[in-house]
Amino acid sequence: MDRRENIDTLHSPKKAALLSAILPGTGQIYNNRHKPKDRNSRLWWKLPIVYGGIGASIYSTILNQREYKAFFNERTARLDPNYEFQYYPDYTSDQLYPVQEAYRKYRDYSIIAGLAVYALNIIDANVQGHLLHFDAGDDLSFNFIPDFSFRNSTSNFGAKLVLHIK
């Protein structure tokens with residue numbers, strides 16, 4: 001049976017990317033539904049990475065924001081001369097600002113990581129949609145042939161790349 005008979009003409013990589021943009025992972029599910037019957041599913045390892053990455057970045061963002069606000073509130077509360085140190089007594093007022101800024105930086109990194117995982121999810125759904133029916137069968141062959149030639153006491157080095165499609 002020819003592999004071309006399994007190609008689903010209604011499948012759209014654009015739709016897969018749009019679905020992943022709306023709800024992460026749905027583009028991969030859409031691609032899995034339209035894959036040829038003889039292909040293995042890659043869904044079992046992609047979805048945990050997508051949701052784990054987004055979940056970890058959200059958790060890290062919330063944690064770092066909470067610590068940033070705690071140090072910020074402590075630093076501003078210490079501006080009052082009648083304030084008694086309740087939180088972070090081991091830190092001086094001068095030491096609070098660098099710690100606060102470190103948590104702000106970590107929070108920003110967490111947001112960037114979450115956006116990167118989200119963008120990679122969309123890109124993966126689109127690329128997987130385009131390569132869904134790519135023929136990777138035994139009818140393809142690839143040869144790499146090094147080429148050395150010597151003429152008039154000079155040497156030339158090169159390579160040939162030969163691709164046979166049957």
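The values are calculated or read from the model by the stated rules, or taken from the named source; none is laboratory data. Since we're looking at a predicted model, the values are computed, not measured. Heads up, the Cβs are rebuilt from the backbone with ideal geometry, glycines too, and the neighbour counts pull from every protein chain shown.
Details
- Pairs, first closer than 15 Å to ALA125 by Cβ in segment 47-59, second β-branched (Val, Ile, Thr), C-beta under 7 Å, six or more apart: VAL50/VAL117; GLY53/VAL117; ILE54/VAL117
- Cβ-Cβ under 7 Å pairs, at least 6 apart or on other chains, segment 97-113 side on the phi < 0 side of the Ramachandran plot, far side of a type in the set (Gly, Ala, Ser): SER110/SER57; SER110/SER60; ALA113/SER57
- The set of residues in segment 12-63 being over 14 Å from GLY114 (Cα atoms), polar (S, T, N, Q) and surrounded by 14 or more Cβ atoms within 10 Å (Cβ to Cβ) consists of SER12, SER20, THR26, GLN28, ASN31, ASN32.
- Considering only residues in segment 73-122 that are of a type in the set (S, T, N, Q) and within 30 Å of ASN31 (Cα to Cα), the one that is surrounded by the fewest Cβ atoms within 10 Å (Cβ to Cβ) turns out to be SER110.
- Selected residue [at pLDDT 95 or above, over 25 Å from the mean Cα position of the chain (by Cα), more than 30 Å from ALA21 (Cα to Cα) and among the acidic types (Asp, Glu)] from GLU74, GLU101: GLU101
- Qualifying positions in segment 87-106 - in contact with a helix residue (DSSP H, G or I) (Cβ under 9 Å, 6 or more places away or on another chain) and charged (D, E, K, R): GLU101, ARG104, LYS105
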